[in-house]
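Taking it in order: structure first as structure tokens, then the write-up.
The values are calculated or read from the model by the stated rules, or taken from the named source; none is laboratory data. Here the structure is a predicted model, which means the values were calculated and not measured. Note that each Cβ is placed from the backbone with ideal geometry, even for glycine, and that neighbours are counted across all protein chains shown. SASA here: full protein model, heavy atoms, side chains in, ligands and nucleic acids out. Shrake-Rupley method; radii C 1.70, N 1.55, O 1.52, S 1.80 Å.
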Amino acid sequence: MLQAAPAGVRPSPDAVAAVVDALAADFGSRLVTSHAVREQHSNTLTWVPSQAPDAVVFPKTTEEVVAIVRLCAEHRVPVIPFGTGTSFEGHVNAPLGGISIDTSLMKQIIAVHAEDLSCVVEPGVTRKELNDFLRDQGLFFPIDPGADASIGGMAATRASGTNAVRYGTMKDNVLSLTVVTPEGAVVKTASRAKKSSAGYDLTRLFVGSEGTLGVITSITLKLHGIPEAVSAGICPFPSVHAACDATILTIQTGLPVARIELLDQTMVKAVNLHSKLGLPESPLLLLEFHGTEASVREQAERFGEIAKDLGGGPFIWETKAEDRSRLWQARHDAYWATLALRPGARPVPTDVCVPISQLADCVEETRADIAEIGLIAPIVGHVGDGNFHVQPLVNTEDPAEIEVLEAFLKRLVMRALAMGGTCTGEHGVGQKKMHYLEAEHGAPALDLMARIKRAIDPLNIMNPGKIVDV
């Protein structure tokens, strides 16, 4: 039986060298040890200090992943799965060194079962690649986190996005996974059936596990038919509170909105500058409705009435695909748009999620906190499900600013928890939010997570130092 590894133990140089030499022999140029590539695989968009792996390997098949994992397990060398590197909380850092498994060459769309509204893909397929492939069949995959993330990474981090208010998150849209476990076994977590009562729900154990329990090598996804009609629009409001109240009322009245996104005044200014738009520089909701021609028109009209009652408007909506695409691309570029607000500063994106009834108060209290500390920190959010993002712009070379930032981030999380929310609605835990899990879940639940981790990964080789300490 494998013996559990002590927490935080870096493998010996000899062990790492043995793994790297063996991988070089088997993978040739698909094993890379250059400093630039290793750095790229530890830190891309995150402000978390970089901790590079010892090497990066690019497998093409499940069998190759099995060989890599078994070799690493034999020598007690960590394994860090890597998708596209768009995560924010230090998910792909390698605090103990090890081997980064980059799945970008695992690009097969294995099967599309159009009649069942499902498909099977390898982890390196990105969401845009999948939707481009599906478009001619009248189907689409709705989870849209903004970045063109890989499907494997989206499953591992339990991604969400702008469509979540109608279509749910990754946990609602993954039917089954193929996973290589820390001992190198290949596990299929479920069938293609849309529901099952057969045993533990292994699929949802691995969805959101952030690579700490295994390496995902295929994903079976739910698909949806492309709507007959789509409309998108913008609606300004006199205050963030009014915009949040409109969101709450929209959801509570059962209006089947597909997307409803909040941009505060600071974020609207950034988006206008970056995307050359002329949006009203006031708190703004961006919306999208899916359905038939008649239902889309009715939904838009009903929302317009809600907005008017709360002092918002005018609600301007568009049905042309090119106009909608430009609007949503501007929303997805929000991370980059903020850079112009404070040249030389680094964005520090973070998120929380609260029950919808608490949304307005949580956002307003957060805005007051931002004003008091004097940081530029735009707010944008998938507010239809109570999830919002704050993006402080910080000089990360200034210890005083980092101290202010850390204190603000802690207050943000504790505010959300006090309102019955969570420390992260979609960014995930990674390294930076580990210390909030006990406050959110309680010690017994955190201990259970640690016991699951130790049971599945007794050597602690799977993305160690993330989610829970073991």
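Please list the non-local residues whose amide H lies under 5 Å from the amide H of Ser118, H modeled 1.01 Å from N, same-chain partners needing a gap of 5 or more.
Result for Ser118 returns His113, Leu223.
Pull up all non-local amide H partners of Thr103: gap of 5 or more, or a different chain, and H-to-H distance under 5 Å with H placed in the peptide plane.
Phe82
What translational diffusion coefficient, in µm²/s and rounded to a whole number, does the Stokes-Einstein relation yield for the range 45-100 at 25 °C and a viscosity of 0.890 mPa s, taking the hydrodynamic radius as the Kirkwood radius over Cα pairs? Please list the in-between numbers first.
Numbers: Rh = 12.0 Å.
For the chosen part, D equals 204 µm²/s.
What distance in nm separates the simple spin-label points at Ala321 and Leu417, each placed 7 Å from Cα in the Cβ direction?
Inter-label distance under the simple model: 4.7 nm.
Along the range 181-197, what does the Karplus equation 6.51 cos²θ - 1.76 cosθ + 1.60 (θ = phi - 60°) give for ³J(HN,Hα), rounded to whole Hz, x for Gly and Pro?
With coefficients 6.51, -1.76 and 1.60, one gets 7, x, 9, x, 7, 9, 10, 9, 7, 6, 8, 7, 4, 6, 8, 7, 10 Hz.
Could you give the length gained by full extension between Glu39 and Ile373, i.e. 0.36 nm per residue of separation minus their alpha carbon distance, to one decimal place?
In short, 117.0 nm is gained.
Let me know the volume per residue of the alpha-carbon convex hull for the range 254-308, in Å³. Walk me through the intermediate numbers first.
Numbers: hull volume 5.2 nm³, N = 55.
Enclosed volume per residue, from the Cα hull, is 95 Å³.
With N residues in the range 218-289, what two-decimal value do you get for its Cα radius of gyration over 2.2 N^0.38 Å?
1.34
Counting DSSP beta bridges in the chain, what percent are antiparallel, to the nearest 5? Walk me through the intermediate numbers first.
Details: 52 of 60 bridges.
Of all bridge pairs located within the chain, approximately 85 percent are antiparallel.
About its Cα centre, how strong a charge dipole does the chain have in debye, to the nearest 20, once Lys and Arg get +1 and Asp and Glu get -1 at the Cβ?
620 debye
Using a 1.4 angstrom probe on the protein heavy atoms only, line up Met170, Met449 by accessible area, largest first.
Met449, Met170
With charges only on Cβ, +1 for K and R and -1 for D and E, what is the dipole size of the range 212-297 about its Cα centre, in debye, rounded to 20?
About 160 debye.
Rg over Rh of the chain, using C-alpha atoms and the Kirkwood radius, what does it come to?
Working: Rg = 22.4 Å, Rh = 23.1 Å.
That ratio equals 0.97.
Quick check: net charge around Leu130, other residues with Cβ under 14 Å of its Cβ, Lys/Arg +1 and Asp/Glu -1?
Residues near Leu130 contribute -1 overall.
Can you flag which of Lys320/Lys433; Lys60/Lys466; Lys107/Lys195 are past 32 Å Cα-Cα? Please list the in-between numbers first.
Numbers: Lys320/Lys433 41 Å; Lys60/Lys466 26 Å; Lys107/Lys195 27 Å.
Beyond 32 Å between Cα atoms: Lys320/Lys433.
If the label point is 7 Å along Cα→Cβ of Ile109, which residues in the range 213-234 have backbone nitrogen under 17 Å from it?
Residues 218-227 qualify, since their backbone N sits under 17 Å from the label point.
What is the distance in Å between the Cα centres of the range 105-150 and the range 30-85?
24 Å
Given only helices, namely DSSP H runs of n ≥ 4 each adding -39500 (n - 2.57), what is the per-residue ellipticity at 222 nm of the chain, to the nearest 500 deg cm²/dmol?
So the helix-based figure for the chain works out to -11000 deg cm²/dmol.
Ignoring ligands, DNA and RNA, what percent of the 1.4 Å accessible area of the chain is carbon and sulfur?
Accessible surface attributable to carbon and sulfur in the chain totals 53 percent.
For the range 202-275 and the range 283-352, write down the distance between their C-alpha centroids in whole Å.
About 10 Å separates the Cα centre of the range 202-275 from the one of the range 283-352.
In whole Hz, what ³J(HN,Hα) sequence does the range 455-469 give by Karplus (6.51, -1.76, 1.60; θ = phi - 60°), x for Gly and Pro?
5, 7, 10, x, 7, 6, 9, 8, 6, x, x, 10, 6, 10, 7
Would you mind putting 349-359, 285-295, 130-140 in packing order, based on average other-beta-carbon counts within 10 Å, highest first?
Descending mean neighbour count gives 349-359, 285-295, 130-140.
Calculate the tail of P(r) for the range 1-151: the fraction of all Cα-Cα distances greater than 24 Å, expressed in %.
40 percent
Amide H of Ser150 versus every other amide H placed in the peptide plane: which residues, excluding those fewer than 5 positions away on the same chain, fall under 5 Å?
Here Thr84 satisfy the definition.
So how strong a dipole does the range 17-67 carry about its Cα centre when Lys and Arg Cβ are +1 and Asp and Glu Cβ are -1, to the nearest 20 debye?
Approximately 160 debye in magnitude.
Rg to Rh ratio, the range 282-362, alpha-carbon atoms and Kirkwood radius?
My calculation of the ratio gives 1.03.
Can you tell me what percent of all Cα-Cα pairs in the range 396-455 are more than 20 Å apart?
Of the Cα pairs, 36 percent sit more than 20 Å apart.
Just order 13-25, 153-165 by mean Cβ neighbour count inside 10 Å, highest at the front, would you? It would help to have the intermediate numbers written out before the result.
Numbers: 13-25: 15.9, 153-165: 26.8.
Ranking the peptides 13-25, 153-165 by packing returns 153-165, 13-25.
Using label points projected 7 Å from each Cα along Cα→Cβ, tell me how many nm separate Phe133 and Ala198, to one decimal.
Result: 2.5 nm between the two label points.
Pop out the ³J(HN,Hα) list for the range 96-103 in order, Karplus 6.51 cos²θ - 1.76 cosθ + 1.60 with θ = phi - 60°, rounded to Hz; leave Gly and Pro as x.
Here the 3J(HN,Hα) series is 10, x, x, 10, 7, 9, 8, 8 Hz.
For Thr61 and Asp148, calculate 0.36 nm times their separation in residues minus their Cα-Cα distance, and state this gained length in nm to one decimal. Mind showing how you got there, number by number?
Working: separation 87, 0.36 × 87 = 31.32 nm, distance 2.18 nm.
The Thr61-Asp148 span can extend by a further 29.1 nm.
Over all Cα pairs of the range 288-414, how is the pair count split among 5 Å bins, expressed in % and running from 0 up to the last occupied bin?
2, 9, 15, 17, 18, 15, 11, 7, 5, 2, 0, 0
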